[in-house]
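Where a number appears in this text, it was derived from the coordinates with a stated rule and is not lab data. No experiment lies behind these values; they were computed from the predicted model shown. All Cβ positions, even for glycine, are placed from backbone atoms using ideal geometry, and neighbour counts span all protein chains on display.
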Amino acid sequence: MKNIYTFTNLSKEKKCVHLVTQKDSIQPYSFSLALHTQEDPLQIIKNRNFINQKFPNMHFIVANQTHSANVEIITKQEEAQGWADVESAIKNCDALITNQKNIMLTILTADCVPILLFDKKQNVIAVVHAGWKGTEKRIVSKTVEKMREVFDSNPKDILASIAPAIGRCCYEVDWNVAKYFKNIENAYDNRDEKQMLDLPYINKVQLLQVGLDEHHIELSNICTACEVEKYFSYRKEKGCSGRFMSMIGLK
């Protein structure tokens with residue numbers, strides 16, 4: 001496939017598949033995959049079908065993301081949820097976990113931090129959507145803890161891939177946001193009376209704190225605002241309705 005991003009660590013694993021979509025200037029709506037925005041749903045379904053054709057045996061699971069710390073476990077092979085319509089998406093949830101084959105877990109973003117997790121010993125996967133609110137609630141840590149609780153995952157066996165998100169170069173916030181991360185060294189830079197917050201880095205720190213090995217954590221180091229020609233950026237595009245998708249599935 002063209003117009004995708006993949007991680008080195010996950011690409012070496014034969015038991016899972018993954019990818020992060022990018023914009024496509026040829027496709028209408030720049031290949032957005034979001035049904036919950038104001039774009040033509042028929043075109044979005046067409047875009048999703050293009051992805052589906054590349055993974056014909058996969059059931060795609062989409063969550064109704066609400067910047068929560070709610071984690072949902074997919075316990076059995078079901079039909080796709082939230083893929084053909086918004087109504088069937090998993091409600092009020094920002095992280096998904098499964099150990100079931102032929103299920104593709106997905107996250108939609110346009111600046112927030114998407115994180116893909118794979119426990120290569122227990123064969124468990126997860127996706128996490130971490131905006132500043134989810135990061136403040138430590139959603140990625142809670143996801144790893146849930147993997148350990150339900151599937152007996154050892155954090156030392158988990159690979160983490162942090163996909164493109166807005167970086168500290170472009171993510172200017174007020175102190176009422178930055179204050180939640182004041183105890184994390186190097187979480188932000190001060191610029192005049194503002195703070196330049198580094199959400200991908202903060203999520204990496206939280207993964208380390210919950211027990212992952214640093215060499216198992218891969219960051220894309222891509223800022224969506226800087227590379228807006230490839231990725232949707234809500235802030236750079238001043239409220240764009242497009243979203244790209246990060247996904248992982250077990251073969």
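Quick check: anything in segment 38-50 hydrophobic (A, V, I, L, M, F, W, C) and touching a strand residue (DSSP E or B) at 6+ places or on another chain (Cβ under 6 Å)?
Taking segment 38-50 as the starting set, the residues that turn out to be hydrophobic (A, V, I, L, M, F, W, C) are 42, 44-45, 50.
Imposing the further condition that a residue be touching a strand residue (DSSP E or B) at 6+ places or on another chain (Cβ under 6 Å) reduces the set to none.
So far as segment 38-50 goes, no, none of its residues is hydrophobic (A, V, I, L, M, F, W, C) and touching a strand residue (DSSP E or B) at 6+ places or on another chain (Cβ under 6 Å).
Conditions tested, residue by residue: (1) of a type outside the set (Ser, Thr, Tyr); (2) within 19 Å of MET147 (Cα to Cα); (3) in contact (Cβ under 8 Å) with a residue 24 or more places away in the chain; (4) surrounded by 15 or more Cβ atoms within 10 Å (Cβ to Cβ).
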residue	(1), (2), (3), (4)
GLN22	yes, no, yes, yes
THR37	no, no, yes, yes
ARG48	yes, no, yes, yes
LYS54	yes, no, yes, no
HIS59	yes, no, yes, yes
ASN64	yes, no, yes, yes
GLN81	yes, no, no, yes
THR109	no, no, yes, yes
CYS112	yes, no, yes, yes
### Query
Can you name the residue in segment 155-207 that is among the β-branched types (Val, Ile, Thr) and in a strand (DSSP E or B) and, of all such residues, is surrounded by the fewest Cβ atoms within 10 Å (Cβ to Cβ)?
VAL173
### Subset of segment 28-55 (residues that are in contact with a helix residue (DSSP H, G or I) (Cβ under 8 Å, 6 or more places away or on another chain) and either under 23 Å from CYS223 (Cβ atoms) or among the acidic types (Asp, Glu) (or both))
TYR29, PHE31, SER32, LEU33, ALA34, GLU39, ASP40
### Query
Any residue in segment 177-193 that is closer than 28 Å to ILE74 by Cβ and of a type in the set (Gly, Ala, Ser)?
no
### Task
Answer yes or no as to whether GLN53 is over 19 Å from the mean Cα position of the chain (by Cα) and over 28 Å from PHE118 (Cα atoms).
no
### Query
Taking segment 116-149 only, how many residues are of a type in the set (Val, Ile, Thr) and out of contact with any strand residue (DSSP E or B) (no Cβ under 6 Å at 6 or more places or on another chain)?
3
### Query
Only one of (1) in contact (Cβ under 8 Å) with a residue 60 or more places away in the chain; (2) among the aliphatic types (A, V, I, L, M); (3) in contact with an Asp or Glu (Cβ under 6 Å, 6 or more places away or on another chain) is not met by MET245, so which one is it?
(3)
### Task
Mind listing just one residue for me: the one in segment 2-20 that is more than 19 Å from the chain's Cα centre (by Cα) and more than 22 Å from ILE44 (Cβ to Cβ) and, of those, surrounded by the most Cβ atoms within 10 Å (Cβ to Cβ)?
LYS15
